[in-house]
Amino acid sequence: MRRKFHDVIKLKPSPIADEALTRIGALYDIEDRIHGMPADERRALRQEHARPILRDLKVWIEDTLPTLPQKQKLAEAMRYALSRWAALSVYIDDGRVEIDNNIAERAMRRTGSSPARTRAESASPIS
């Protein structure tokens with residue numbers, strides 16, 4: 001999901017895409033703080049700290065999306081996020097799950113597998 005908003009900004013500056021990335025960045029800040037903790041602790045801290053941010057992000061996307069031209073890349077990024085919300089939310093309730101699939105993608109690139117196939121097979125859509 002994060003990558004889609006980065007792609008928008010590459011095309012042209014967007015305060016709305018910047019806001020999305022700031023909100024997503026707050027989730028990554030939490031992950032940085034809990035990295036290496038046992039799964040049960042990660043789950044508890046995610047539920048306490050990340051769940052409200054994720055909930056607010058979804059509400060913000062749902063409120064903002066109708067105000068955008070629907071053919072815009074930003075609207076596409078928001079629809080992409082909403083369409084994968086259930087998979088995205090899994091990491092909140094399972095301390096063993098990473099917030100994204102970056103580790104798996106890097107490993108697949110090192111072994112020569114296709115990154116496109118890796119993304120398609122991934123269950124973690126936040127990257």
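Please treat every number below as a calculation from the coordinates, not as lab data. These figures come from a predicted structure and were not determined experimentally. Ideal geometry is used to build each Cβ from the backbone, glycine not excepted, and the neighbour counts take in all protein chains shown.
One decimal place: the segment ARG84-LYS71 gains 2.8 nm when fully extended, by the rule 0.36 nm per residue minus the C-alpha distance.
Local charge for ALA77 was computed over the other residues whose Cβ lies under 10 Å away, with Lys and Arg +1 and Asp and Glu -1, and equals +3. Each other residue within a Cβ distance under 15 Å of GLN47 adds +1 if Lys or Arg and -1 if Asp or Glu, for a net charge of 0.
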